[in-house]
């Protein structure tokens, strides 16, 4: 089973990856969509995880694959119908991650009214850094996210720009699906998403969190 690692050295068996769409207004605009009143949720399998230093593998004929840098939240206790306060107390740690998206597949699915699962859930499409214990992150709504591709800044924003914050995302999700220890909430990406190609080096950072560096290659 895939594992997630904390900076303390603790390893946690990964559960489901709950991802949030259009959680930054500028990203919603660049995708030609409205910012949603309620969070848009979708899932990635834990088999999509890639550790720091790993490789994103582009399947043959996949078309455009885009990077999306995100704050990731590790759940440390069972949550069901939680209040925002209860949800925040259940956070075990924070990390920076990447929601890789097969954009051509996603666009085709959207056009045909079909799910995005294939576009989001491909093996290696969820690189994730090491988690810092929650107690060491003073304010998850005051972190600067940045993604560089081959040394060039592609995405940069503060988590204060999220439409739905960490506590409300966890509470909202727990109304509909039980969150369990080892689950991760990927909180959405800011504007600046774009394509990657084989040979690219992606470096994702967030204030006070370990750097996530991965490379890209063709299958």
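The values are calculated or read from the model by the stated rules, or taken from the named source; none is laboratory data. Keep in mind the model is a prediction, meaning the values are calculated, not measured. When we count neighbours, we look across all protein chains shown, and the Cβ atoms used for this are built from the backbone with ideal geometry, even at glycine.
The selection criterion, being at pLDDT 95 or above and not in a loop (DSSP other than H, G, I, E, B), holds for residue 118. With respect to residue 53, determine if the residue is under 23 Å from residue 203 (Cα atoms), out of contact with any strand residue (DSSP E or B) (no Cβ under 6 Å at 6 or more places or on another chain) and in a loop (DSSP other than H, G, I, E, B). Judged against the criteria, residue 53 is a match.
Residues in the stretch 58-88 that are closer than 26 Å to residue 102 by Cβ and either in contact with a strand residue (DSSP E or B) (Cβ under 6 Å, 6 or more places away or on another chain) or surrounded by 17 or more Cβ atoms within 10 Å (Cβ to Cβ) (or both): 13 in all. Of everything listed in (1) in contact (Cβ under 8 Å) with a residue 60 or more places away in the chain; (2) in a loop (DSSP other than H, G, I, E, B); (3) farther than 19 Å from residue 71 by Cβ, the single unmet condition for residue 36 is (3). Being within 28 Å of residue 53 (Cβ to Cβ) and either within 18 Å of the chain's Cα centre (by Cα) or in a strand (DSSP E or B) (or both) is not true of residue 105. Can you find a residue in the stretch 136-155 that is buried (at least 16 other Cβ atoms within 10 Å of the Cβ), at pLDDT 95 or above, within 15 Å of the chain's Cα centre (by Cα) and on the phi > 0 side of the Ramachandran plot? Looking for residues that are buried (at least 16 other Cβ atoms within 10 Å of the Cβ), at pLDDT 95 or above, within 15 Å of the chain's Cα centre (by Cα) and on the phi > 0 side of the Ramachandran plot, one finds none in the stretch 136-155, hence no.
Checking the stretch 133-151 against the condition returns no match, with no residue being more than 21 Å from residue 6 (Cβ to Cβ) and part of a helix (DSSP H, G or I).
Selection of the stretch 161-198 for residues being assigned to a loop (DSSP other than H, G, I, E, B), over 13 Å from the mean Cα position of the chain (by Cα) and within 25 Å of residue 2 (Cα to Cα) yields 177, 178, 180, 181, 182, 196, 198. Considering each residue of the stretch 39-48 in turn, none proves to be within 16 Å of residue 212 (Cβ to Cβ), in a strand (DSSP E or B) and out of contact with any helix residue (DSSP H, G or I) (no Cβ under 8 Å at 6 or more places or on another chain). Filtering the stretch 116-125 to residues that are without any contact (Cβ under 8 Å) to a residue 40 or more places away in the chain and surrounded by fewer than 18 Cβ atoms within 10 Å (Cβ to Cβ) leaves only 118.
Taken residue by residue, the stretch 64-77 has at least one member that is outside any strand (DSSP E or B), in contact (Cβ under 8 Å) with a residue 60 or more places away in the chain and within 18 Å of residue 122 (Cα to Cα). Quick one: would you say residue 18 is closer than 23 Å to residue 204 by Cβ, over 15 Å from the mean Cα position of the chain (by Cα) and in a strand (DSSP E or B)? Here the answer is no, as residue 18 does not meet what is asked.
Residue-by-condition table, conditions (1) out of contact with any helix residue (DSSP H, G or I) (no Cβ under 7 Å at 6 or more places or on another chain); (2) surrounded by fewer than 21 Cβ atoms within 10 Å (Cβ to Cβ); (3) at negative phi:
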| residue | (1), (2), (3) |
| --- | --- |
| 163 | no, yes, yes |
| 168 | no, yes, yes |
| 172 | yes, yes, yes |
| 183 | yes, no, yes |
| 198 | yes, yes, yes |
| 210 | yes, yes, yes |
| 214 | yes, no, yes |
| 218 | yes, yes, yes |
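The number of residues in the stretch 3-36 being touching a strand residue (DSSP E or B) at 6+ places or on another chain (Cβ under 7 Å) and either over 25 Å from residue 183 (Cα atoms) or surrounded by 14 or more Cβ atoms within 10 Å (Cβ to Cβ) (or both) comes to 15.
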